[in-house]
1. Which of the residues that make up the stretch 65-86 are under 20 Å from Ala158 (Cα atoms) and either in contact with a Phe, Trp or Tyr (Cβ under 9 Å, 6 or more places away or on another chain) or assigned to a helix (DSSP H, G or I) (or both)?
2. So Leu244 ticks every box in (1) modelled with pLDDT of 95 or more; (2) over 19 Å from Gly202 (Cβ atoms); (3) aliphatic (A, V, I, L, M) but one. Which box is left unticked?
3. Since Met316 meets every condition but one in (1) open to solvent by less than 40 Å² (accessible area, probe 1.4 Å); (2) outside any strand (DSSP E or B); (3) in contact with a strand residue (DSSP E or B) (Cβ under 7 Å, 6 or more places away or on another chain); (4) closer than 27 Å to Tyr87 by Cα, which condition does it not meet?
4. Can you find even one residue in the stretch 52-75 that is farther than 29 Å from Ala239 by Cα, hydroxyl-bearing (Ser, Thr, Tyr) and open to solvent by 20 Å² or more (accessible area, probe 1.4 Å)?
5. Just one of Gln279, Gln232 is surrounded by fewer than 23 Cβ atoms within 10 Å (Cβ to Cβ), touching a strand residue (DSSP E or B) at 6+ places or on another chain (Cβ under 9 Å) and among the polar types (S, T, N, Q); which is it?
6. Of the residues Thr35, Thr13, Thr47, Thr63, only one is under 12 Å from Phe195 (Cβ atoms) and not aromatic (Phe, Trp, Tyr); which?
7. Which number in (1) among the small types (Gly, Ala, Ser); (2) surrounded by fewer than 18 Cβ atoms within 10 Å (Cβ to Cβ); (3) within 20 Å of Asp168 (Cα to Cα); (4) under 21 Å from the mean Cα position of the chain (by Cα) marks the one condition that Ala213 misses?
8. For the stretch 119-131, indicate whether the set of residues that are closer than 21 Å to Ile186 by Cα, touching a strand residue (DSSP E or B) at 6+ places or on another chain (Cβ under 6 Å) and crowded, with 21+ Cβ neighbours inside 10 Å is non-empty.
Amino acid sequence: MIDLRSDTVTKPTPEMRRAMLEAEVGDDVYGEDPTVNLLESRAADITGKESALFVPTGTMGNTIAVKLHTHHGEEAICDVRAHLLEYELSMLGWFSGCVGRPIQTPDGIMSWEQIAREIRPLGPHRARTALIEVENTNNIAGGTVYPLPLLYEICDKAHDRGLKVHMDGARVFNAAEALGKPVREIAAKVDTVMFCLSKALGAPVGSMLAGTAEDIERARLYRKRLGGGMRQAGVLAAAGLIALEQSPRHLGEDHRNARMLARGLAGIPGIRIDPSKVQTNIVIFEVSGTGLPSAEISARLKERGVLIDPINDAVMRLVTHYDVDREGCEMALAALAEVAAGVHSGAAV
């Protein structure tokens, strides 16, 4: 089965499995797991932050970050398609008591001008804006990347106005590959950054939240409140360490495969995509011209051994990763072309 639903579906590499088997462990809630401690130290170094925290999921990392920077009854500005709004079960409100103020963008990348128009001081009728959240890369916008000058401008001007900036960097290593910059440079001016070990980097479990030592000390308490004290978590952290050291070098290949798929999709009748907009490992494309809803296309692809998910009735997403090589991507493209051709010819597919 060629699985392009997400980069979360990757299997641990042999090196990860071996590291998990041999991991030195202790009780992480007591701060005594040496492998977790090493992972957190390494993540802090890579992001250029004072400290980092190992959490089970990216959702937990984002949830904790929002809580660190806000109080109940405040607002957080983000893109309208932000994972924080769309895929985290309203934790923004449920745990932090905040409201998201979304900004409509063409490509998931907010400008300072857009943000500035939405900032609200506390008043008799309005909640105070406390946080700006940027998603880098932006998932549902198609893996788009914040240019560094723009990201720095947002951070500088937000800080001038007393606002915090959190980066949902679930795929920030993809952003680093696309920009040719180290992660620490991308995260230099944000107050906190979360990144996933279990997406593009391929670890089986886990994400990291990095920031100041003071923030991460508080974050440990929020992690405990959310049920994230994992005890002998070194068996998981060991795979994360391998992912940090070995996986980034393969991301360029994922990006090249995504661009190849985008170019091929652009040539299939009924599918609409601009290949020039594919920057990383996520490809979003419209299928309404095929005459089939995306769920039906997904079902027909599954019969051909290809897994690709719909986003809505007209749009689909595929994500490249190290478990699907160039040949697998070409086979997936051929299957999509076959499904679309069958529809256009009127044949039963």
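1. Ala65, Val66, Lys67, Leu68, His69, Leu84
2. (2)
3. The number of the failed condition is (2).
4. Of the stretch 52-75, the ones farther than 29 Å from Ala239 by Cα are 69-75.
Those left that are additionally hydroxyl-bearing (Ser, Thr, Tyr): 70.
Retained after the next criterion (residues that are open to solvent by 20 Å² or more (accessible area, probe 1.4 Å)): none.
Within the stretch 52-75 (the criterion being farther than 29 Å from Ala239 by Cα, hydroxyl-bearing (Ser, Thr, Tyr) and open to solvent by 20 Å² or more (accessible area, probe 1.4 Å)), the answer is no, since none of the residues qualifies.
5. Details: Gln232 fails: touching a strand residue (DSSP E or B) at 6+ places or on another chain (Cβ under 9 Å).
Result: Gln279 is the single residue among Gln279, Gln232 that is surrounded by fewer than 23 Cβ atoms within 10 Å (Cβ to Cβ), touching a strand residue (DSSP E or B) at 6+ places or on another chain (Cβ under 9 Å) and among the polar types (S, T, N, Q).
6. Working: Thr35 fails: under 12 Å from Phe195 (Cβ atoms); Thr13 fails: under 12 Å from Phe195 (Cβ atoms); Thr63 fails: under 12 Å from Phe195 (Cβ atoms).
Matching residue, one of Thr35, Thr13, Thr47, Thr63: Thr47.
7. (4)
8. yes
The values are calculated or read from the model by the stated rules, or taken from the named source; none is laboratory data. Since the model is a prediction, treat every value here as computed from it, not as a measurement. Every residue, glycine among them, receives a Cβ derived from its backbone with ideal geometry; neighbour counts consider all protein chains shown. For the accessible areas, the whole protein counts, side chains as well, though only heavy atoms, and no ligand, DNA or RNA atoms are used. Shrake-Rupley method; radii C 1.70, N 1.55, O 1.52, S 1.80 Å.
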